[in-house]
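Report on one structure; see the data block that follows.
The values are calculated or read from the model by the stated rules, or taken from the named source; none is laboratory data. These figures come from a predicted structure and were not determined experimentally. Using ideal geometry, Cβ is built from the backbone for each residue, glycine included, and neighbour counts are taken over all protein chains shown. Keep in mind that these areas ignore ligands, DNA and RNA; they rest on the heavy atoms of the full protein, side chains included. Shrake-Rupley method; radii C 1.70, N 1.55, O 1.52, S 1.80 Å.
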Amino acid sequence: MPRVTLTFDNGPTPGVTERVLEELDRRGLKATFFVIGRKLRAPGAAAAMRQAQAAGHWIGNHTLTHSVPFGEQPTAEFAAEEIDDTEALIGDCARAERLFRPYGREGRVGPHLFSRAAVSHLLAKRYETVLWNAVPGDWRDPDGWLDVCLAQVAAQPWSVVVLHDIANGCLPRLSALLDRLTENGTEIVQEFPNEIILMRNGILTNLTDSLVSGGIEGLCSLPNSA
Ligand SMILES: [Zn+2]
């Protein structure tokens, strides 16, 4: 049976995130919310994040501004601000593992995702940096994404699905998706498969040259990493 890890990116969005939580919680499902730092400054947004964390969902860092991929602005200052300022806003809702997901611009995967400075920073701060392997496109195809998602899930053993708890995101069809996945016996888990974890606890695991502007040569795991 295929397995699915659900992730909700680009929130929190007051009025939307809470309804996503209702759909998950009434089915007993756990997911991860990758939040944008600047959105946490809006009224009600931090409360929505805390509600998710209190219900057992994981909160991950998805950059401060979600505006320019690290590979296109490769300074150390930019990387530190995008990562650290968001982590400060997440505060005690963060996991001990410090989940981070880069901004990819419509879910694209390539060397724009990381700068060498961003990789160094994520290693030094021991973030568990995770990618994705299924982007059904809820924000650009409000009806069609559901069938795209089911096809992606059926095509691989373990899908890490990117959905969005934003105003024009997955919410209208989320209940239908969860019903279909449940009906066809898909196992829905909170953990991430090893192959999409790029760095963890100061160690480079699955990060490759194809994801880093300038490549990874000379970027080392921390010497005292376990
Ligand atoms: Zn995003």
All-but-one check, GLU82 against (1) closer than 20 Å to THR208 by Cα; (2) open to solvent by less than 10 Å² (accessible area, probe 1.4 Å); (3) within 15 Å of the ligand (Cβ to nearest atom), failing number (1)
Counting only residues that are assigned to a loop (DSSP other than H, G, I, E, B), away from the ligand (no atom under 16 Å from the Cβ) and either at pLDDT below 95 or buried (at least 21 other Cβ atoms within 10 Å of the Cβ) (or both), region 95-122 contains a total of 2
Selection over region 59-72 where residues are out of contact with any helix residue (DSSP H, G or I) (no Cβ under 7 Å at 6 or more places or on another chain), surrounded by 17 or more Cβ atoms within 10 Å (Cβ to Cβ) and over 21 Å from ALA42 (Cα atoms) yields a count of 2
If we keep only residues of region 9-44 that are assigned to a loop (DSSP other than H, G, I, E, B) and within 16 Å of the ligand (Cβ to nearest atom), then the residue surrounded by the fewest Cβ atoms within 10 Å (Cβ to Cβ) is VAL16
Within region 62-94, the residues that are among the small types (Gly, Ala, Ser) and in a loop (DSSP other than H, G, I, E, B) are SER67, ALA94
> within 18 Å of ARG105 (Cα to Cα) and at pLDDT 95 or above: does that describe ILE90?
Replying inline: no
Turns out the strands (runs of 3 or more DSSP E) fully within region 142-218 with at least 1 residues that are away from the ligand (no atom under 16 Å from the Cβ), open to solvent by 50 Å² or more (accessible area, probe 1.4 Å) and among the aromatic types (Phe, Trp, Tyr) are 158-164
